[in-house]
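Here is the structure we will look at, set down as structure tokens.
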Amino acid sequence: MDTGRRRRLCPGVAVAALLFFPVFFASRRRRRRRRRTAMLQTALQKHAAFFDRDNDGIVSLSETYDGLRALGLGAGLSSLSAAFINGALSSKTRPGDATSPRLSIYIENIHKGIHGSDSGTYDSEGRFVPEKFEEIFTKHAKTVPDALTSDEIDEMLQANRKPNDYSGWVGATAEWKMLYRLGKDKDGLLHKDAVRGVYDGSLFAKLVAKRYEENQA
């Protein structure tokens, strides 16, 4: 009796396996493709890729909002920040043959959105420049060698300002203020490893994981 039942189930099991295998291998191919893409990306592209929730190389307004919410920002601030970020970068990164909504950011061209009056830690192609990164702390970290206070960030922003580069001033200030809000410790210090992590986006995943653990506790 048991043998007969197993035999009757075999065709169903076979069909289920045939349906499952394409999905399984397609998922593996997507993961391999994402890993290959990440290996070829610049630091700036990796930074932006955190917000690309569906991994299509394009960051929509809603994806930026969702990413900011995942990092712990409130709904109001996330809405305003997403509108500012996508509004500032969409036209600069959008290719001529684009078909996505107007306020979408194209990660492939994210280097075209680099603004002035900043530290220079990204070069013109969006690659990480270690020497410029180190200068942030050798020049401005006066309280603790490997961390920045809020006042030291303000001093750095002032020092980096180029004359009449108003859009660069606004962009740099908005980025560093948000980074400080997200990455500071309980003593109000923004540590070097946190700043390094934001340049390639690795900090974002850590912050999301930390929030998840706190919510589960």
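Taken together, the values in this text are just the output of simple stated rules run on the coordinates, not laboratory data. Please read these numbers as outputs of a predicted model, since none were measured by experiment. A quick note on method: Cβ atoms are made from the backbone with ideal geometry, for glycine too, and the neighbour counts reach across all protein chains shown.
A few remarks follow.
- With the simple spin-label model, which puts each label point 7 Å out from Cα in the Cβ direction, the residue 211 to residue 53 separation comes to 1.1 nm.
- Computed from phi, the 3J(HN,Hα) profile of segment 69-80 under the Karplus parametrisation 6.51, -1.76, 1.60 (θ = phi - 60°) reads 5, 5, 7, x, 6, x, 4, x, 5, 5, 4, 5 Hz, with x in place of Gly and Pro.
- Sorted ascending by nearby beta carbons within 10 Å, beginning with the fewest, 167, 202, 124 become 124, 167, 202.
- Neighbour-count order for 99, 173, 93, 64, fewest beta carbons within 10 angstrom listed first: 99, 173, 93, 64
- Among 103, 148, 80, the ranking by other beta carbons within 10 Å of each residue's beta carbon, starting with the fewest, stands as 80, 103, 148.
- A full extension of the chain between residue 108 and residue 69 corresponds to an added length of 11.7 nm, given 0.36 nm per residue minus the alpha carbon distance.
- Relative contact order (percent, whole number), segment 92-160, Cα cutoff 8 Å, 6+ residue spacing: 21 percent
- For segment 121-128, 3J(HN,Hα) computed residue by residue from phi via the Karplus equation (6.51, -1.76, 1.60; θ = phi - 60°) reads 6, 9, 7, 5, 9, x, 7, 6 Hz, glycine and proline entered as x.
- Kirkwood estimate for segment 114-217, i.e. one over the average of 1/r between Cα atoms, Å: 14.4 Å
- Treating r as the C-beta distance of residue 39 and residue 151 and R0 as 45 Å, the FRET efficiency rounds to 0.70.
- For segment 148-155, 3J(HN,Hα) computed residue by residue from phi via the Karplus equation (6.51, -1.76, 1.60; θ = phi - 60°) reads 10, 8, 4, 5, 5, 5, 4, 5 Hz, glycine and proline entered as x.
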